[in-house]
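The values are calculated or read from the model by the stated rules, or taken from the named source; none is laboratory data. Not measured: the values here are computed from a predicted model. Cβ atoms come from the backbone with ideal geometry, glycine included; neighbour counts cover every protein chain shown. All accessible areas refer to the heavy atoms of the entire protein, side chains included, with ligands and DNA or RNA removed. Shrake-Rupley method; radii C 1.70, N 1.55, O 1.52, S 1.80 Å.
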Amino acid sequence: MQKQNIEIIKDIKTVLEFYQAMGIERIPLNIAQKCRSAEVQKPPPHPPLGKGGRRGGDYSKKVIALKALRDEIGDCQRCKLSKGRKNIVFGEGSVDAEIMFIGEGPGEDEDLQGRPFVGRAGQLLTKLIEKMGFKREDVYIGNIVKCRPPFNRVPEEDEISACSPFIRKQAGIISPKVIVSLGRISTQTLIGTKIPIGKLRGKFYQFENIPLMPTFHPSYLLRNPKDKWLVWEDAQKVLERLKK
Ligand code: URA
């Protein structure tokens with residue numbers, strides 16, 4: 001068999017394994033066509049982050065800046081979400097992350113543990129991160145609001161206004177190569193629009209000079225698993241952008 005064909009088969013296998021891991025049972029026809037034309041690419045291997053970080057000597061400055069930001073937030077009472085929270089979920093991951101994932105706000109598990117995306121939606125996000133060729137600790141994960149909205153309702157305008165300056169500052173400090181905004185609230189807040197997520201996803205926007213890729217929220221995918229392949233398409237575009 002020609003070497004090129006072997007590479008194509010390997011690519012298809014990688015994609016199919018990804019779909020299987022994400023719980024997809026059927027492949028839409030246009031994906032199958034893409035596989036045939038070998039447009040779907042295998043995630044590139046990512047070199048481990050070296051001490052000192054991907055951009056050299058910024059590492060300790062970033063750690064100090066994030067610590068100062070956490071101190072500034074303190075025992076925050078800036079909005080009514082503070083009343084019901086158990087923990088502030090600041091965000092976590094590598095300060096030198098190439099990719100930053102930004103969700104909406106903590107759910108019950110996140111509130112209890114003080115860590116972002118650790119519940120069912122978080123497990124799905126972690127699978128996506130790993131299929132993209134990263135470890136969870138290589139990326140940075142945060143949310144638009146840092147306290148759990150009651151009964152997991154959508155955060156309200158005043159809560160978003162009070163809290164979103166902090167995730168903006170976190171993005172500025174980490175300065176990732178790409179931001180992935182997860183779902184409507186995150187995307188609309190970061191790019192300042194009311195356009196529905198279904199229309200926004202899959203195209204790059206700018207967040208303060210950082211390319212931002214909107215995609216569906218993992219919680220949406222838990223309810224609509226047939227759309228997982230669209231998120232994988234968005235992820236492929238992010239991986240392409242990282243090569244530039
Ligand atoms: N959903 C979010 O938007 N963020 C989390 O941290 C968990 C679930």
**Message:** Accessible area of the stretch 173-244 with a 1.4 Å probe: how many percent of it is carbon plus sulfur?
**Reply:** 56
**Request:** Can you tell me the alpha carbon radius of gyration of the stretch 166-205 divided by the globular rule-of-thumb value 2.2 N^0.38 Å?
**Result:** 1.18
**Complete:** Full extension between Ile64 and Asp109 adds, at 0.36 nm per residue less the Cα distance, a length in nm of 13.4 nm
**Asked** What is the spin-label model distance, in nm, from Gln77 to Glu240 if the labels are put 7 Å beyond Cα along the C-beta direction?
**Response** 5.1
**Asked** By average Cβ neighbour count within 10 Å, what is the ranking of 171-177, 83-89 from highest down?
**Response** 171-177, 83-89
**Complete:** With the 1.4 Å probe rolled over protein heavy atoms, the stretch 142-243 has an accessible area per residue in Å² of 41
**Fill in**
Treating only Lys and Arg (+1) and Asp and Glu (-1) as charged, each at its beta carbon, one finds that the stretch 112-208 has a dipole about its Cα centre, in Debye to the nearest 20, of 360
**Asked** Stokes-Einstein D for the stretch 124-244 at 4 °C, 1.567 mPa s, Kirkwood Rh over Cα pairs, in µm²/s?
**Response** 87
**Item:** Globularity ratio of the stretch 146-186, using Cα Rg and 2.2 N^0.38 Å
**Value:** 1.29
**Message:** Relative to 2.2 N^0.38 Å, what does the C-alpha radius of gyration of the stretch 67-154 come to as a ratio? Two decimals please.
**Reply:** 1.09
**Item:** Entries in Lys80/Lys228; Lys135/Lys228; Lys146/Lys194; Lys86/Lys194; Lys67/Lys199 that, when Cα-Cα distance is taken, lie over 27 Å
**Value:** Lys80/Lys228; Lys86/Lys194; Lys67/Lys199
